[in-house]
Structures are given as structure tokens and as C-alpha cells.
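Asks: Pasting in a structure now, in C-alpha cells, and then I'll have a few things to ask.
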Amino acid sequence: MREKVLLLHGWGGSDDPHWQAWLAGEIAKDYGTVSFPLLDNPHFPTKNRWMKQFKQLLAEFQPDMVICHSLANTVWFHLCNEGEIARVKRLLLVAPPRLDLELDTIKTFFPVKVPTDLYADVVQLVTSKTDPYMSEEEAKALQAAVNVEMLVLDDAGHINAESGYGEWPWVLEWLKQGKGK
């Protein structure tokens, strides 16, 4: 894999055994170029600090592909709404929270508007029917608003380690083949 892949975690991070940590290892094992940074204060993040850090990572690393999990999707949407980031070839949005989530610890991130441009040539959305942060109906509304392909997992919770997503072969295949199946 010759593309540069940027993995952006959500609230609390995505350390082992989370699928993002596994994926970073799989990319590195194949001599791929991956950046999987620990974002600033992941358990008590603030929107402005994360947006600044995302912009810096995007400018310095210049990824071809970006994979967001959870709250990272919300930050991506804010950046898209600002319109000050470079396009990427491929973007994977995994388990985004609803656009008006109300949780005290991360309240600075919400609400967020649906972007009119996701700054990516190919976009895939992955949601779960049992995600506590976004209902199936909210996911369908988001998918319709951004007009991208969506994969809906049956009983995957927030698509994280707690819901059994450590090794996740599908995401590695998505990277390698460029298919959202």
C-alpha cells in the first residue's frame, strides 16, 4: 500500500484492542505509511484544540486517505464547513455521533452542520443499528444528506473494542481494494 493513511480517533482514544490500533499495525506490517496520533487530551477534548491539531496533521502528513472514528467525524465535518483543508482521495467515516449530541464532556463539538462538501473523492459511511450515539434513523438521514455509500452493521454498538471490533478485516480490505462492500 503506497498511500498515506491518517487514522483519527474519537473521544477517549482508540488504543489496543480497538480496530484503529489493529489497523495501524496491519498497515505498518505491510510497510505502509500510517499516522495514528494520540489527539490532545482525548478524555476531555475541546473542539478548538482538536480542529487545530487536525489541520496541522493534515498539512504536515498530507494523507491520501483519512479514517475517522466517532468524534473525529464531527471534527471532520467542522473542518469541511470551514473549507480550509485539502481534499483527500478517500475518506472513511465510522460511527459518527448524531449532529446534536448532548454530553457535557464534549459539548464544545456540538451541534455541527452537515457539510456540503466532504473534501474527499470517495467517501464511505459505516454505522451500526445499535449505536448509542446515533440511531439508525439519524444515520439514514445523515447518509441522505451527504449522499455517500453507507454500510450498516447489525449489532455493532459504537463499532469499537467494547462491541467486539478489535481485528476488523473489512476495514483493511476497504483500504486495499477501495471498495465499500
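Okay, residues lined up against (1) surrounded by 14 or more Cβ atoms within 10 Å (Cβ to Cβ); (2) touching a strand residue (DSSP E or B) at 6+ places or on another chain (Cβ under 6 Å):
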residue: Lys29; (1), (2): no, no
residue: Ser35; (1), (2): yes, yes
residue: Ser70; (1), (2): yes, no
residue: Trp76; (1), (2): yes, yes
residue: Cys80; (1), (2): yes, no
residue: Ala86; (1), (2): no, no
residue: Pro111; (1), (2): no, no
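Asks: Against the definition (farther than 28 Å from Ala86 by Cα and of a type outside the set (A, V, I, L, M, F, W, C)), how does Thr105 come out, yes or no?
Replies: yes
Asks: Return the residue satisfying two criteria in turn: it lies in region 1-54 and is of a type in the set (S, T, N, Q) and over 14 Å from the mean Cα position of the chain (by Cα), and of such residues it is nearest to Leu101 (Cα to Cα).
Replies: Out of the qualifying residues, it is Thr46.
Each row is one residue, and each column tells you yes or no for (1) touching a Leu at 6+ places or on another chain (Cβ under 7 Å); (2) among the hydrophobic types (A, V, I, L, M, F, W, C); (3) over 19 Å from Trp76 (Cα atoms); (4) in contact (Cβ under 8 Å) with a residue 40 or more places away in the chain.
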| position | (1), (2), (3), (4) |
| --- | --- |
| Pro115 | no, no, no, no |
| Ser135 | no, no, yes, no |
| Glu138 | no, no, no, yes |
| Asp154 | no, no, yes, no |
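Asks: Residue check: is Leu91 among the aliphatic types (A, V, I, L, M) and part of a strand (DSSP E or B)?
Replies: yes
Asks: Additional query: Criterion first (surrounded by fewer than 20 Cβ atoms within 10 Å (Cβ to Cβ), modelled with pLDDT of 95 or more, within 27 Å of Thr105 (Cα to Cα) and hydroxyl-bearing (Ser, Thr, Tyr)) does Thr46 satisfy it?
Replies: Here the answer is yes, as Thr46 does meet what is asked.
The values are calculated or read from the model by the stated rules, or taken from the named source; none is laboratory data. None of the values given here were measured: they were computed from a predicted structure. All Cβ positions, even for glycine, are placed from backbone atoms using ideal geometry, and neighbour counts span all protein chains on display.
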